[in-house]
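Novice: If you scroll down you'll find the structure; I have some questions about it.
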Amino acid sequence: MKLRVLGCSGGIGGSLRTTSFVLDEDVLLDAGTGVGDLDIDELRRIDRVFLTHSHLDHVTSLPFLVDTVGWMRERPLTVHALPETIDVLRAHLFNWKLWPDFTQIPDALSPWMRFEPVALGEPFDLGRGRSITPLPANHVVPAVGYHLDSGRASLVYTGDTTVNDALWPVVNRIENLRYLIIETAFRNREHELARASKHLSPAMLAGELEKLQRPADIYITHLKPGEYEVIMEEIESCAGRFAPQMLLTLQQFEF
């Protein structure tokens, strides 16, 4: 499996893009603003999108993706998400008011887009020996992370989450774990904001990493623009022994 980072910022501005990853050539993991950097042919080859949750920084490119290439494809784009996330997208995004309902275009029997719910702990077979499994997340809306497994090695992406005791027993059972991508959105002085919005600060991250019982290369995502350096300095101070690195746009992971 090859995972390429299209966006990993907590905001926009200049070259910053919000959360999105492309897996091999046919799967998107979240659909933030980074999706817009794919060319038309790359967009057309996306068959499935796995969403962590319904917030705009993770779904904003989805309507444009379907609108741009839906008519070029021979089968619908499948959007995988929690049932609660699908309900939000149906009610507030693909509702004919904010954007057309592409599950009905050109008609309900042959739409450009279809939804398929995911459930915690239930692996989905992506073909070619690849699987993706939803993991527990703890956010202000229903959310998941994902475990990507090539058979040879695994990558865990937490999605947006705060302190999350349910996650670590699952992660610690992944024998071929190689990479962990975990968020830290706020600096330590914004601890209360992190707690209220259910994100992590460096001190909270350090506490979470103490629950990890397997070796892994750790990468930090979702940092707020303008605070990258100070957040990473605080992470080094709080959790330096875990050697976390800042996730970068266009970074690639092969596993």
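Novice: Working only within the stretch 107-127, note down all residues that are acidic (Asp, Glu), without any contact (Cβ under 8 Å) to a residue 24 or more places away in the chain and assigned to a strand (DSSP E or B).
Specialist: The one that is acidic (Asp, Glu), without any contact (Cβ under 8 Å) to a residue 24 or more places away in the chain and assigned to a strand (DSSP E or B): Asp125.
Novice: Could you check the stretch 213-255 and list, in sequence order, the residues that are under 22 Å from His191 (Cα atoms) and assigned to a loop (DSSP other than H, G, I, E, B)?
Specialist: Taking the stretch 213-255 first, the residues under 22 Å from His191 (Cα atoms) are 218-247.
Passing the criteria: His222, Lys224, Pro225, Gly226, Glu227, Ala243, Pro244, Leu247.
Novice: I'd like the residue in the stretch 151-163 that is part of a loop (DSSP other than H, G, I, E, B) and closer than 21 Å to Leu247 by Cα and, out of all such residues, is nearest to the chain's Cα centre (by Cα).
Specialist: Gly159
Novice: Let me ask something else about it. Can you tell me how many residues within the stretch 212-255 are under 16 Å from Thr158 (Cα atoms) and either in contact with a Gly (Cβ under 8 Å, 6 or more places away or on another chain) or among the small types (Gly, Ala, Ser) (or both)?
Specialist: 3
Novice: List pairs: first residue in the stretch 94-106 and surrounded by 11 or more Cβ atoms within 10 Å (Cβ to Cβ), second residue among the hydroxyl-bearing types (Ser, Thr, Tyr) and in a loop (DSSP other than H, G, I, E, B) anywhere in the structure, Cβ distance under 7 angstrom, at least six positions apart or on different chains.
Specialist: Phe94/Thr103
Novice: So, one more: Aromatic (Phe, Trp, Tyr), buried (at least 20 other Cβ atoms within 10 Å of the Cβ), touching a residue at least 24 places away in the same chain (Cβ under 8 Å) and closer than 22 Å to Val5 by Cβ: is that true of Tyr157 in this structure?
Specialist: In short, yes.
Novice: When only residues in the stretch 107-150 that are surrounded by fewer than 16 Cβ atoms within 10 Å (Cβ to Cβ), aliphatic (A, V, I, L, M) and touching a strand residue (DSSP E or B) at 6+ places or on another chain (Cβ under 8 Å) count, which is farthest from Thr78 (Cα to Cα)?
Specialist: Leu120
Read-outs throughout are calculated quantities, based only on the coordinates presented, and are distinct from any laboratory measurement. The structure displayed is predicted, hence computed values, not measured ones. Here the Cβ is made from the backbone with ideal geometry for all residues, glycine too, and neighbour counts use every protein chain on show.
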